[in-house]
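In what follows, a structure is listed as structure tokens, so that the remarks can point back to it.
The values are calculated or read from the model by the stated rules, or taken from the named source; none is laboratory data. What you see is a predicted model, and the numbers here were worked out from it, not measured in a lab. Positions of Cβ are generated from backbone atoms using ideal geometry, with glycine treated the same way; all protein chains shown enter the neighbour counts. With ligands, DNA and RNA removed, areas are computed over all heavy atoms of the protein, side chains included. Shrake-Rupley method; radii C 1.70, N 1.55, O 1.52, S 1.80 Å.
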Amino acid sequence: MIRRSTLIWLTLAALLGFGLYQIKYEVQSQEERFTRINKQIVENQEAIQVLTAEWSFLNRPDRLAEMARRYLEMSPVVPAQFAQIANLPDREAMAAAAVLAASAPAAKPIPARAAMAANSATVPAAKTQLAPQPRPLVSAAPVSGPERMQATQPKPPASPPAANPSRPIEAARYLPPPKAEPAHERASLVDAPSVLIASVLTVLSEASSAPAQMIQMMRTSEVR
Amino acid sequence: MNPTAALTARPVVLDRPEAPPPGRSVRFEGAAKQALEIGRNRLLVTCAVFALAFTVIGGRLIEIAVSRSAPQRLAEARRALGFVPDRAPIVDRNGTLLATSLPTASLYADPRDVLDAGEAAAKLASVLPGLAAEEIQAKLSSEKNFVWLKRNLTPRQQYEVNRLGIPGFYFQREDKRIYPDGSLFAHIVGFADVDGRGLAGLERDLDERLKSQTQPLLLTVDVRLQHILREELQQGIQEFSAVGGMGIVMDVRTGEILAMVSLPDFDPNRPGASPPENRFNRNTLGVYEMGSTFKIFNSAMALDSGTASLRSSYDARQPIRISRYTITDYHAERRWLTVPEIFKYSSNIGSAKMALDAGVETQRAFMGRVGFLKPVPIELKEAGKPLYPRPWRPINAMTIAFGHGLSVSPLHVAMGTAAVLNGGILRAPTLIRRPPEEMPAGTRILKQSTSEDMRRLFRLVVEEGTGKNAAAPGYVVGGKTGTAEKVGHGGYRHKSVLSSFIGVFPMHDPQYLVMVMVDEPKGTKRSHGYATGGWVAAPVVRKVITRMGPLYGIPPVDETSPEIRRALVIESGPQEKRIASQ
């Protein structure tokens with residue numbers, strides 16, 4: 001007859017053996033996963049290395065300048081496009097002056113902001129004379145209706161700026177100019193993915209320099 | 001006698017069926033007892049050893065299970081190293097990549113394993129068109145056990161070669177150095193060879209740093225500005241059919257080089273494809289007689305040593321004849337000229353007299369202080385040795401006053417000009433970006449007041465003098481023109497000149513220096529046949545500044561504003577005539 005303690009020990013040994021077996025296999029599979037993931041990490045790091053090289057190759061300033069010339073209706077910022085905040089006309093003061101002139105018969109000056117809020121609701125039919133008025137935003141001539149006030153509100157450009165790259169667009173006079181010239185606005189090209197891809201392909205196929213070939217080859221092989 | 005004594009007489013038989021009942025100890029005597037004792041002792045020792053081993057293992061298990069750091073240490077020991085390129089990447093001041101290493105495969109063969117050299121060579125040549133079958137066959141027939149067949153294959157080529165399945169061919173992973181911007185930074189970054197050894201530029205000078213660290217090397221240059229400078233310089237060279245040119249943009253406050261171009265240049269991806277002379281870095285390795293731009297240092301020396309002030313004047317009516325030389329003025333005024341006028345009209349006669357007035361020794365000491373007598377301290381091995389006269393005689397002092405007889409590199413001049421205008425502190429030009437607290441302090445070579453006087457002279461040249469073509473409206477440009485005749489066979493060649501312009505802006509608070517030199521320009525109709533610095537180099541400087549200002553967000557200012565006028569005005573007063581002692 002097998003004694004009880006022997007039975008317990010045997011069971012324990014069997015359980016331990018099974019557990020050990022399980023853990024061993026678990027460890028083995030984890031090791032494999034570990035190696036696999038490590039390999040992937042290295043592959044990804046290599047791919048990143050290649051892609052940064054490609055990114056930088058595609059962002060060569062001479063190429064960007066050429067792309068900007070071809071696809072953007074913008075030209076490099078020139079010093080004349082800079083303006084100082086201090087040199088801007090004081091809109092509120094001018095608006096207040098206009099209101100004063102308009103409401104002179106009422107003999108009671110209306111605060112500019114209050115007038116603006118009230119008028120936008122009560123004006124029956126806005127006169128069409130607003131739209132064609134170019135800068136200066138508020139004409140010096142007193143206009144009869146309080147609706148004149150609307151000109152002081154932010155107004156969408158009456159017509160899109162003429163597509164003339166040599167002429168700075170109107171907004172540039174009042175807005176802070178972009179920091180870099182378009183040729184170096186690397187982000188701006190991303191907005192047109194199809195254009196980008198098409199041009200990337202043409203550039204790559206035309207380019208004969210060593211890095212272009214190398215990078216192109218690497219990319220295609222990775223895709224495959 | 002106890003009962004055990006009775007047992008001793010009998011032989012010990014352990015497997016007797018009638019074993020002593022449990023609980024009753026059995027004692028042995030004599031040899032048997034000794035044997036048992038030994039057995040028991042051995043057993044005990046073994047048990048102790050095993051117990052110790054199990055305790056250690058158990059302790060270790062508990063440590064691993066309980067302690068937090070142990071599993072991490074284990075994992076770290078197994079962590080993959082990741083992709084480590086053999087050379088660190090090089091980036092510009094904004095982090096744009098200028099040089100990087102890409103992993104590639106290189107093909108080599110063990111000729112002893114190749115079965116049929118002829119067939120293998122023919123097959124390989126069919127997939128790698130750049131290789132000649134005969135050469136491969138010769139390599140494969142050699143007695144060696146290792147021959148390179150082709151370095152840095154693209155993955156596609158590697159695939160093709162693999163598909164051939166030729167025994168004895170193997171791949172070795174190697175990094176290939178890539179310069180995405182091509183020739184833009186050819187002379188600054190330089191290039192490395194196929195084995196990853198730096199051969200030129202920073203790749204050569206910082207070879208150890210690039211190999212030992214993986215962090216990108218941050219430079220002071222700006223890829224956008226470099227492009228602008230190169231483009232404008234290229235246009236200038238084309239317009240005046242020149243043979244070459246150089247340009248430098250420098251921060252005068254720190255000595256950081258923002259852009260540096262030497263044309264013609266080469267593609268560092270294929271350095272062998274361009275003529276070797278294109279690898280010559282004109283900015284640092286080339287030393288030239290600079291011509292009138294040297295009057296910057298002549299005037300600074302005279303003003304700083306106190307022999308002249310902005311009110312001093314010198315007799316420039318007659319050309320100076322000394323031994324077999326005659327010193328004349330290009331823009332001759334034929335009258336007494338004040339120091340500002342000498343600078344404005346770039347008078348050689350006046351400058352020579354200023355130099356003599358200050359003294360030969362003063363001049364020599366000053367040139368040493370500005371660093372013009374030793375190679376320029378830059379992180380490039382390509383730094384040319386200046387050529388200066390030994391002994392330094394009065395005639396040399398006179399010619400050096402207007403930039404002949406002492407040859408320095410363009411970067412020398414940029415470095416010196418920055419010191420003259422930034423308040424008088426000489427700082428070594430640098431290509432490596434450092435945090436502000438690690439900036440070298442620099443050495444004072446001029447009084448602050450001299451530097452302020454020099455700013456006035458610089459502004460005068462662009463406002464009224466020879467450098468009007470450099471005036472970029474709103475940027476308060478100041479500068480100095482230079483037109484040096486190049487030394488040819490048996491003397492100076494009048495037709496081949498080195499035209500230069502050093503522009504600095506804004507002049508009331510100098511920040512950036514833009515220097516352009518054009519080598520052997522030919523006058524055009526638009527320049528009225530002139531090929532001088534004012535006509536050739538000054539417009540290039542103006543264009544660079546006009547494009548650079550918006551790029552760096554420098555707002556143009558009103559050049560006629562009272563503050564700027566006051567900072568740059570040259571007060572008129574009674575002239576003080578000085579006669580240079582010869």
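Which numbered condition trips up residue B:401, out of (1) open to solvent by 20 Å² or more (accessible area, probe 1.4 Å); (2) over 25 Å from the mean Cα position of the chain (by Cα)?
(1)
From B:93, B:112, B:173, grab the single residue that is under 30 Å from residue B:262 (Cα atoms) and open to solvent by 20 Å² or more (accessible area, probe 1.4 Å).
Details: B:112 fails: under 30 Å from residue B:262 (Cα atoms); B:173 fails: under 30 Å from residue B:262 (Cα atoms).
On inspection, the qualifying residue turns out to be B:93.
For segment B:433-489, how many residues are out of contact with any Lys or Arg (no Cβ under 8 Å at 6 or more places or on another chain) and part of a helix (DSSP H, G or I)?
Counting residues in segment B:433-489 that are out of contact with any Lys or Arg (no Cβ under 8 Å at 6 or more places or on another chain) and part of a helix (DSSP H, G or I) gives 15.
Restricting attention to segment B:443-453, which residues are out of contact with any Gly (no Cβ under 9 Å at 6 or more places or on another chain) and of a type outside the set (S, T, N, Q)?
B:453
Inspect segment B:198-210 for any residue being open to solvent by less than 60 Å² (accessible area, probe 1.4 Å), away from chain A (no Cβ under 14 Å) and assigned to a loop (DSSP other than H, G, I, E, B) and give the result as yes or no. Can you show your working first?
Taking segment B:198-210 first, the residues open to solvent by less than 60 Å² (accessible area, probe 1.4 Å) are B:198, B:200-203, B:205-207, B:209-210.
If we keep only those that are away from chain A (no Cβ under 14 Å) as well, we get B:198, B:200-203, B:205-207, B:209-210.
Cutting the leftovers down to assigned to a loop (DSSP other than H, G, I, E, B) gives us B:206.
Checked against the condition, which is being open to solvent by less than 60 Å² (accessible area, probe 1.4 Å), away from chain A (no Cβ under 14 Å) and assigned to a loop (DSSP other than H, G, I, E, B), segment B:198-210 yields at least one hit.
For segment B:51-68, check the following and say yes or no: at least one residue is open to solvent by 70 Å² or more (accessible area, probe 1.4 Å), over 60 Å from the mean Cα position of the chain (by Cα), at pLDDT 90 or above and among the β-branched types (Val, Ile, Thr).
yes
Please go through segment B:298-321 and give me each residue that is open to solvent by less than 40 Å² (accessible area, probe 1.4 Å), of a type outside the set (Gly, Ala, Ser) and more than 20 Å from residue B:497 (Cβ to Cβ), ordered by number.
Answer for segment B:298-321, where residues must be open to solvent by less than 40 Å² (accessible area, probe 1.4 Å), of a type outside the set (Gly, Ala, Ser) and more than 20 Å from residue B:497 (Cβ to Cβ): B:301, B:303, B:304, B:307, B:310, B:314, B:315, B:320.
Search segment B:525-544 for residues being of a type in the set (A, V, I, L, M, F, W, C) and touching a Pro at 6+ places or on another chain (Cβ under 9 Å), and hand back the single one that is surrounded by the most Cβ atoms within 10 Å (Cβ to Cβ).
B:537
Within segment B:94-108, is there a residue that is over 35 Å from the mean Cα position of the chain (by Cα) and of a type outside the set (Val, Ile, Thr)?
no
Considering each of A:92, A:46, A:73 in turn, give the residue that is outside any loop (DSSP other than H, G, I, E, B) and exposed (fewer than 14 other Cβ atoms within 10 Å of the Cβ). Outline the logic, then answer.
On the way: A:46 fails: exposed (fewer than 14 other Cβ atoms within 10 Å of the Cβ); A:73 fails: outside any loop (DSSP other than H, G, I, E, B).
Going through A:92, A:46, A:73 in turn, the sole match is A:92.
Among the residues of segment B:427-438, are any buried (at least 19 other Cβ atoms within 10 Å of the Cβ) and either within 14 Å of another protein chain (Cβ to nearest Cβ) or charged (D, E, K, R) (or both)?
Yes, that holds for at least one residue.
Among B:296, B:342, B:349, which is the only one that is part of a helix (DSSP H, G or I), under 35 Å from the mean Cα position of the chain (by Cα) and of a type outside the set (Gly, Ala, Ser)? Outline the logic, then answer.
Values: B:342 fails: under 35 Å from the mean Cα position of the chain (by Cα); B:349 fails: under 35 Å from the mean Cα position of the chain (by Cα).
Exactly one of B:296, B:342, B:349 is part of a helix (DSSP H, G or I), under 35 Å from the mean Cα position of the chain (by Cα) and of a type outside the set (Gly, Ala, Ser), namely B:296.
Let's see how each residue does on (1) within 14 Å of chain B (Cβ to nearest Cβ); (2) within 30 Å of residue B:89 (Cα to Cα); (3) among the charged types (D, E, K, R); (4) open to solvent by 100 Å² or more (accessible area, probe 1.4 Å):
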| site | (1), (2), (3), (4) |
| --- | --- |
| A:6 | no, no, no, no |
| A:12 | no, no, no, no |
| A:17 | no, no, no, no |
| A:21 | no, no, no, yes |
| A:33 | yes, no, yes, yes |
| A:36 | yes, yes, yes, yes |
| A:50 | yes, yes, no, no |
| A:81 | yes, no, no, no |
| A:85 | yes, no, no, yes |
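Among the numbered conditions (1) more than 12 Å from chain A (Cβ to nearest Cβ); (2) more than 30 Å from residue A:36 (Cα to Cα), tell me where residue B:107 comes up short.
(2)
Here's the yes/no breakdown for (1) in contact (Cβ under 8 Å) with a residue 12 or more places away in the chain; (2) among the aliphatic types (A, V, I, L, M); (3) buried (at least 17 other Cβ atoms within 10 Å of the Cβ):
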site: B:143; (1), (2), (3): yes, no, no
site: B:149; (1), (2), (3): yes, yes, yes
site: B:154; (1), (2), (3): yes, no, yes
site: B:159; (1), (2), (3): no, no, no
site: B:165; (1), (2), (3): no, no, no
site: B:191; (1), (2), (3): yes, no, yes
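Looking at (1) touching a Gly at 6+ places or on another chain (Cβ under 6 Å); (2) open to solvent by 40 Å² or more (accessible area, probe 1.4 Å); (3) more than 20 Å from residue B:245 (Cβ to Cβ), which is the one condition that is false for residue B:507?
Looking at each condition in turn, residue B:507 falls short on (2).
Output the residues belonging to segment B:493-512 that are outside any strand (DSSP E or B) and touching a strand residue (DSSP E or B) at 6+ places or on another chain (Cβ under 8 Å).
If the condition is that a residue be outside any strand (DSSP E or B) and touching a strand residue (DSSP E or B) at 6+ places or on another chain (Cβ under 8 Å), then B:507, B:510, B:511 are the ones that fit.
Report whether or not residue B:552 is touching a helix residue (DSSP H, G or I) at 6+ places or on another chain (Cβ under 9 Å), closer than 30 Å to residue B:326 by Cβ and surrounded by fewer than 22 Cβ atoms within 10 Å (Cβ to Cβ). Give the derivation first.
Working: touching a helix residue (DSSP H, G or I) at 6+ places or on another chain (Cβ under 9 Å): yes; closer than 30 Å to residue B:326 by Cβ: no; surrounded by fewer than 22 Cβ atoms within 10 Å (Cβ to Cβ): yes.
No.
Could you list, in sequence order, all residues of segment A:53-70 that are within 9 Å of chain B (Cβ to nearest Cβ) and open to solvent by 60 Å² or more (accessible area, probe 1.4 Å)?
A:55, A:62
Against the definition (within 14 Å of chain A (Cβ to nearest Cβ), open to solvent by 10 Å² or more (accessible area, probe 1.4 Å) and either more than 15 Å from the chain's Cα centre (by Cα) or in contact (Cβ under 8 Å) with a residue 12 or more places away in the chain (or both)), how does residue B:264 come out, yes or no?
Criteria not met by residue B:264.
For segment B:442-457, indicate whether the set of residues that are within 14 Å of another protein chain (Cβ to nearest Cβ) and open to solvent by 40 Å² or more (accessible area, probe 1.4 Å) is non-empty.
no
Could you identify the single residue in B:217, B:233, B:229 that is more than 14 Å from every other protein chain (Cβ to nearest Cβ) and either surrounded by fewer than 24 Cβ atoms within 10 Å (Cβ to Cβ) or hydrophobic (A, V, I, L, M, F, W, C) (or both)?
Working: B:233 fails: more than 14 Å from every other protein chain (Cβ to nearest Cβ); B:229 fails: more than 14 Å from every other protein chain (Cβ to nearest Cβ).
When all the criteria are applied, what remains is B:217.
Determine which single condition residue B:123 fails, assuming it passes every other condition in (1) within 38 Å of the chain's Cα centre (by Cα); (2) open to solvent by 40 Å² or more (accessible area, probe 1.4 Å); (3) in contact (Cβ under 8 Å) with a residue 24 or more places away in the chain.
(1)
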